[in-house]
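First the structure, in the form of structure tokens, and then the observations on it.
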């Protein structure tokens, strides 16, 4: 039986301009290393909730699935 009062870990992960940790910049190595290692200390979760200020709807909107599509509202960053 699962304890419904059990708290899940909460992380705030800033991404900077564009997909910051994915751009391969040397100054991002510390963040990339942290993101790789943090998974070793987190419990196994059945789901993850991500809240973003980059999308707005008139009503509550939820995207779900094992591989949801990428939704973004910014353009003009290096490719």
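The values are calculated or read from the model by the stated rules, or taken from the named source; none is laboratory data. Note that the coordinates shown come from a computational prediction; the quantities given were computed from them, not determined experimentally. Backbone-built Cβ (ideal geometry, glycine too); neighbour counts: all protein chains shown.
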- Item | Residue tally, condition at positive phi and either touching a helix residue (DSSP H, G or I) at 6+ places or on another chain (Cβ under 7 Å) or surrounded by 13 or more Cβ atoms within 10 Å (Cβ to Cβ) (or both), over region 18-41 | 1
- Item | Test: residue in region 12-19 that is at pLDDT 85 or above and part of a loop (DSSP other than H, G, I, E, B) | yes
- Does residue 45 fit the bill of being touching a helix residue (DSSP H, G or I) at 6+ places or on another chain (Cβ under 7 Å) and at pLDDT below 85? no
